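J.: Have a look at this one.
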Amino acid sequence: MQPFKDLGTFLNSSPSQLADTVLHCPVCRRDHKIPFKIVKSGKNLVDQIPGVIESILGSHVERIGVVYDRQIEEKVITHVHEPLQAMGLALKKIPLGEKGSLLPPDVEIGDQAAENLPDGIEILIGVGSGVISDLTKWIATKRGLPFVLVGTAASMNAYTSITATMT
C-alpha cells in the first residue's frame, strides 16, 4: 500500500491515485486504509472493465457473474451486459429482487444469491447503486470471490466502502 503522510496531498488526490493506499493521519494518528486495488471515476467506463478484471486476476476470465436489481434490468443489459459480451466476455446474469418492488440489502437475499451462484464464476460485477454494491460485496465475501462495482448513482458511498450495510 502506498503511504500518505500529508493530509493535503491525500485530499487533493484523484480517486485512481487513492486506490490501494493508506493515510497515516496527522489529525487522529490512526491509519486509514483504502484497500481497493483500482478506483476509477467518470462516465462511460464500461469499456475499461475487461482490463480491470485482468489486472485484478492476472489473467483472462472465462466466467463472470453480473449482479443487478431487476428494477434496472433493461439499462444493465443495454449499457453493461451487451457491451461486455461484444468485447468477448462470458457473462452470467444474476438478477435480484422483483420488478415493482424495492430491493433491500437483506442478509437472506445475499445468502440465497451466494448459495445459488452458478458454478465456476470467477469474479462478480455488481451494477447498481448502494444496495447492489452491498449485496455484491456480501455475495463475493461468502463465496471468496473478487468483485468489481459499477456505480449507477453518484450519491452513494457504497462503491468505496469496505463494508456492506445489511439488514
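The values are calculated or read from the model by the stated rules, or taken from the named source; none is laboratory data. Small disclaimer: the values here were computed from a predicted structure and weren't measured. Methodologically, a virtual Cβ is constructed for each residue, glycine included, from the backbone with ideal geometry; neighbour enumeration extends over all protein chains shown. Ligands, DNA and RNA are excluded from the accessible area calculation, which covers all protein heavy atoms including side chains. Shrake-Rupley method; radii C 1.70, N 1.55, O 1.52, S 1.80 Å.
J.: Give the residues of region 15-60 that are modelled with pLDDT of 85 or more and of a type in the set (Ser, Thr, Tyr), sorted by residue number.
T.: Thr21, Ser55, Ser59
J.: Here is a further query. What is the number of the single condition among (1) over 16 Å from Thr141 (Cβ atoms); (2) loosely packed, with under 13 Cβ neighbours inside 10 Å that Ile77 does not meet?
T.: Exception for Ile77: condition (2).
J.: Additional query: Just for region 127-159: of the residues that are buried (at least 17 other Cβ atoms within 10 Å of the Cβ) and among the polar types (S, T, N, Q), which one is modelled with the lowest pLDDT?
T.: Out of the qualifying residues, it is Thr152.
J.: Scan region 19-34 for residues that are in contact with a strand residue (DSSP E or B) (Cβ under 9 Å, 6 or more places away or on another chain) and either in a loop (DSSP other than H, G, I, E, B) or closer than 30 Å to Gln85 by Cα (or both) and report the count.
T.: Here the count works out to 4.
J.: What are the pairs with Cβ atoms under 6 angstrom where one residue, in region 25-51, is under 17 Å from His79 (Cα atoms) and the other, located anywhere, is outside any strand (DSSP E or B) and open to solvent by less than 100 Å² (accessible area, probe 1.4 Å)? Sequence gap at least six, or different chains.
T.: Ser41/Pro15; Val46/Val80; Val46/Pro83; Pro50/Met87
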